[in-house]
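Participant: Quick one: structure below, then a few questions.
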Amino acid sequence: MTRPASAFHTEKQRLTDGTAYTMGQYRYRVGLWTMDYGLFKPFDVTTWILPWALQVASLGGKYELRLSDKLSVGTGLTAFRLDVRKLNPNSPKLILSAVPWEVSGSYRVDKDWTVSLQSVYTYIRAEGTLDKDETFGAAALSNLQFVGTVEKRVSEVMALLLRVRWVAYQWPLSASAKVVSHPDDYTTLTIVGTGRAEVFDVRNAWSIVPGVAWSWKHFNLRAGLGYGNFNIGGINVVLQKKTIVPELDLFWLWDLGPNQ
């Protein structure tokens, strides 16, 4: 029996980003953002590629439980760690640890439509000093997000997507960190410990991004353009200002199973 090509969207091979689905055993993915491997049929291991170039270590996993032909639930956990002074020796001491935990549900309405809902709690611990004008400052606060994804399959090669993201809650600043703010050239404000740190507040941030996913024999491409608060994937840092939100991912899929 001929097995389906590695990347085509079929009843058994589903989109995995923002859904409860996993790739399946022996499948290997290398892309612009992540590298993944199907260690077991319902379990994938993953690492984010770009963060390693920035000296951010990362490792994660995702498990899918298929309850029926139409309904799957999944959960995933990833860990990141960054020592900011490795990137900029002149920065004050700052070590950021982020652990996003995802719980997802995906329901296949029919052969063309799939609806997914995902909750993402990102625990962030900051040890050191945060400057509100530095990029890493926005990463100081743990948050809870909800992400909804609607997929409409046009063909085996193409699917239309709509993704909605909402930051439902933001936790206070880690007790082991302090924030330094400079409202003008002559004033320095410091927030120590469990302060709310309004300078980083992104509660009720949101984004709506329509997009398209293409899948060929091995190569996949996903692109989208929307509006709202931009979310940095993986560590789930949400930027305060609303802007145009682009999405782009490209990756290759191979099936490394014994029958290949």
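Participant: Mind giving me the nanometre distance, one decimal, between the label points for Gln240 and Lys70, set 7 Å out from Cα along Cα→Cβ?
Facilitator: Roughly 4.6 nm, to one decimal.
Participant: What spacing in nm lies between the two simple spin-label points modelled at Ala79 and Ile95, each 7 Å away from Cα in the Cβ direction?
Facilitator: The answer from the label model is 1.3 nm.
Participant: Got a sec? How would Val120, Val73 order by Cβ neighbour count within 10 Å, fewest to most?
Facilitator: On the way: Val120 21, Val73 15.
With the fewest neighbours first, Val120, Val73 line up as Val73, Val120.
Participant: Moving to a separate point now. Let's test the formula: R0 of 22 Å, r as the Cβ-Cβ distance of His218 and Ser155. What FRET efficiency results, to the nearest 0.05? Don't skip to the answer; put the middle values down first.
Facilitator: Details: r = 17 Å, r/R0 = 0.78.
Once rounded, the FRET efficiency stands at 0.80.
Participant: Let me ask something additional. Quick one: Met35, Met23, fewest Cβ neighbours within 10 Å first, how do they rank?
Facilitator: Values: Met35 15, Met23 24.
If I rank by nearby Cβ atoms, fewest first, I get Met35, Met23.
Participant: By how many nm would the segment from Val115 to Gln25 lengthen if fully extended, with 0.36 nm per residue of separation less the alpha-carbon distance? Kindly include the intermediate steps, with their values, before the conclusion.
Facilitator: Numbers: separation 90, 0.36 × 90 = 32.40 nm, distance 2.37 nm.
This chain segment gains 30.0 nm when fully extended.
Participant: Give me the one-decimal nm value for the distance between modelled label points at Met35 and Leu250, 7 Å along each residue's Cα-to-Cβ direction.
Facilitator: With each label point 7 Å from Cα toward Cβ, the separation is 1.9 nm.
Participant: Same structure, new question: Can you put Phe40, Phe80 in order, fewest other beta carbons within 10 Å first? Before the final figure, lay out each step's value.
Facilitator: Working: Phe40 12, Phe80 22.
Ordered from fewest to most neighbouring Cβ atoms within 10 Å, Phe40, Phe80 come out as Phe40, Phe80.
Participant: Using the structure shown, select from Lys62/Lys86; Lys70/Lys242; Lys111/Lys217; Lys152/Lys217; Lys70/Lys152; Lys93/Lys241 the pairs with a Cα to Cα distance greater than 25 angstrom. Mind dumping the intermediate values first?
Facilitator: Details: Lys62/Lys86 29 Å; Lys70/Lys242 36 Å; Lys111/Lys217 20 Å; Lys152/Lys217 20 Å; Lys70/Lys152 15 Å; Lys93/Lys241 27 Å.
With Cα atoms farther than 25 Å apart: Lys62/Lys86; Lys70/Lys242; Lys93/Lys241.
Throughout, read-outs are computed from the coordinates displayed, never taken from laboratory work. What you see is a predicted model; the values in this text were computed from it and never measured. Glycine also receives a Cβ, built like all others from the backbone with ideal geometry; neighbour counts cover every protein chain displayed.
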